[in-house]
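The values are calculated or read from the model by the stated rules, or taken from the named source; none is laboratory data. Because the structure is predicted, anything quoted here is derived from the model rather than measured. Glycine gets a Cβ as well: all are built from the backbone with ideal geometry, and neighbour counts include every protein chain shown. Ligands, DNA and RNA are stripped out before the accessible areas are found, and what is left, the full protein with its side chains, is counted by its heavy atoms. Shrake-Rupley method; radii C 1.70, N 1.55, O 1.52, S 1.80 Å.
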Amino acid sequence: MTKHTAFAADDAITAAAGVTSPQPGRRFTSYPPPTRARGGCRLAAAAARQATDPGAAGVAAGSWPELVPRHADFDDWMEKHPSALAEFESVLATAKGKQIVMFLDYDGTLTPIVKDPDSAVMSEEMRDAVRGVAEHFPTAIVSGRCRDKVFNFVKLAELYYAGSHGMDIKGPTAQSKHTKAKAEAVLCQPASAFLPVIDEVYRTLTARTAPIPGATVENNKFCLSVHFRCVQEEKWRALEEQVRSVLKEYPDLRLTKGRKVLEIRPSIEWDKGNALQFLLESLGFADSNDNVFPIYIGDDRTDEDAFKVLRSMGQGIGILVSKIPKETAASYSLREPSEVKEFLRKLVRSKQRD
Ligand SMILES: O=P(O)(O)OC[C@H]1O[C@H](O[C@H]2O[C@H](CO)[C@@H](O)[C@H](O)[C@H]2O)[C@H](O)[C@@H](O)[C@@H]1O
């Protein structure tokens, strides 16, 4: 067995190819800059109201790329996406003199993936590590989950939270040395016009997927997750067909896939990448600001949007949490949440020795 095949069955996706890994802080001129929504939260909300493109960023019908592990060369992949722990000192050297801003995905990054989404609680050790980081750097949680739910898992009021894949952003409710006096006023909800339709689709999908044992629908406020981790593999296609047939009636919604989950969300140009940009701007770091060093850690495809933004900014680093080679725009990797915790602790220790 190769080093990575043991993990391939879970949610392996495309093998690493074509994306080179630059050194931290380098400008990534070779990477095609993605077309992104500009103009901040209000303009995105206007775009949201006009959105009519159902297939814009969805996935091809019937495609299940996470079931098709390809055997990339693990060592080669690690060379392109070295361990952020092994390269810690060089990351730190590149960040020297700049303001680190920490962005953390939740599921699969701060907690291991578990069968029941409601049981993905964060350990006390991880909470301490995140708390420690937030004492030194502005810190945000960026999650596909509903903001309230992820807050209830993390329980740290001094953080920024971007729920619903970045479509629901709120500033800290507790003052810290990094939050400005009015930080709690930071709020961005570019998809608020979609609330009624998301509720309606939630009810429809819950009813339509009920006959499929193990399928569950999670209401993440501005988006929905249809989970199939506990569904028999033979039923996956039927489940996807059910979901697609419901979505046919809603051309303003689109379908994407995560880790054994179908994600339904508004077809607006707003994702975790936009959330990262919005938060940096809220913190006073506009696009061209060279004094900032954002670090984004995530494990899922939705995190790629944020990694791409960092590449196009040419600032900071993306760190993919994965035990297997995956195509990614992140520059570094960590294998699992326990390594994320270690990375966060190291960052805190580095500040203490400053
Ligand atoms: O952006 P994230 O914080 O990573 O959220 C993405 C989705 O995470 C959750 O689902 C995933 O984790 C579950 C618990 O470990 C697991 O059972 C599921 O199979 C994974 O897909 C969450 O439940 C979803 O709502 C989020 O969209």
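What do you reckon, is residue 217 open to solvent by 10 Å² or more (accessible area, probe 1.4 Å), within 14 Å of the ligand (Cβ to nearest atom) and of a type in the set (A, V, I, L, M)? Here the answer is yes, as residue 217 does meet what is asked.
Does residue 318 satisfy the criteria of being open to solvent by less than 40 Å² (accessible area, probe 1.4 Å), in contact with a Leu (Cβ under 6 Å, 6 or more places away or on another chain) and within 16 Å of the ligand (Cβ to nearest atom)? Against the criterion (open to solvent by less than 40 Å² (accessible area, probe 1.4 Å), in contact with a Leu (Cβ under 6 Å, 6 or more places away or on another chain) and within 16 Å of the ligand (Cβ to nearest atom)), residue 318 qualifies. Number of residues in region 101-131 that are open to solvent by 10 Å² or more (accessible area, probe 1.4 Å) and away from the ligand (no atom under 12 Å from the Cβ): the value is 6. For region 247-258, the criterion of being within 16 Å of the ligand (Cβ to nearest atom) and crowded, with 24+ Cβ neighbours inside 10 Å is satisfied by no residue at all. Exactly one residue out of 140, 191 is under 16 Å from the mean Cα position of the chain (by Cα) and surrounded by 18 or more Cβ atoms within 10 Å (Cβ to Cβ), and it is 140.
Please verify whether region 169-176 includes one or more residues that are within 12 Å of the ligand (Cβ to nearest atom) and crowded, with 22+ Cβ neighbours inside 10 Å. Within region 169-176, none of the residues are within 12 Å of the ligand (Cβ to nearest atom) and crowded, with 22+ Cβ neighbours inside 10 Å. Answer yes or no as to whether residue 247 is at pLDDT 95 or above and closer than 29 Å to residue 325 by Cβ. So residue 247 does not fit the description; no. Just one residue in the set 290, 305 is within 15 Å of the ligand (Cβ to nearest atom) and open to solvent by 10 Å² or more (accessible area, probe 1.4 Å); that residue is 305.
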